[in-house]
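This report refers to the structure that appears directly beneath it.
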Amino acid sequence: MSRDGVRLTVIKCGNWEVDGKYEHCEVIFTDGDRNYRSYASRSGSYFSDYSYTSEWDDGDADVEEVRKVSKTIEVWEAV
């Protein structure tokens with residue numbers, strides 16, 4: 001997608017999370033230098049098709065700059 005001369009590329013689109021008839025997912029994208037996160041949403045169902053909406057539609061999206069980090073976690077595993 002290109003807007004105002006800035007080319008944005010989606011790096012990762014997360015899994016859709018269900019909240020009743022509404023669903024949302026995280027979208028990570030880049031302008032080539034920095035990475036950002038925002039969200040997309042949809043309503044409807046698998047059987048009736050979906051209607052997609054986004055804060056991007058009116059040009060007022062909540063976007064935050066993000067960076068990828070590695071995390072180590074400890075869990076208990078059966079022996």
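The values are calculated or read from the model by the stated rules, or taken from the named source; none is laboratory data. It should be emphasised that the depicted structure is a prediction, and the values quoted were computed from it without experimental measurement. Quick reminder, even Gly has a Cβ in these numbers, built from the backbone with ideal geometry, and neighbours come from all protein chains shown. We work out accessible area using only protein heavy atoms, side chains counted, and drop any ligands, DNA or RNA first. Shrake-Rupley method; radii C 1.70, N 1.55, O 1.52, S 1.80 Å.
Worth pointing out:
- Among the protein heavy atoms of the chain, carbon and sulfur supply 48% of the accessible surface, probe 1.4 Å, non-protein parts ignored.
- Protein heavy-atom accessible surface, 1.4 Å probe, per residue over the chain: 90 Å².
- Length-normalised contact order of the stretch 16-79 in % [C-alpha pairs under 8 Å, at least 6 apart]: 25
- The chain shape via C-alpha gyration tensor axes, a/c threshold 1.5: oblate
- Summary of packing: across the peptides 14-23, 66-75, the per-residue average of other C-beta atoms within 10 Å ranks them, highest first, as 14-23, 66-75.
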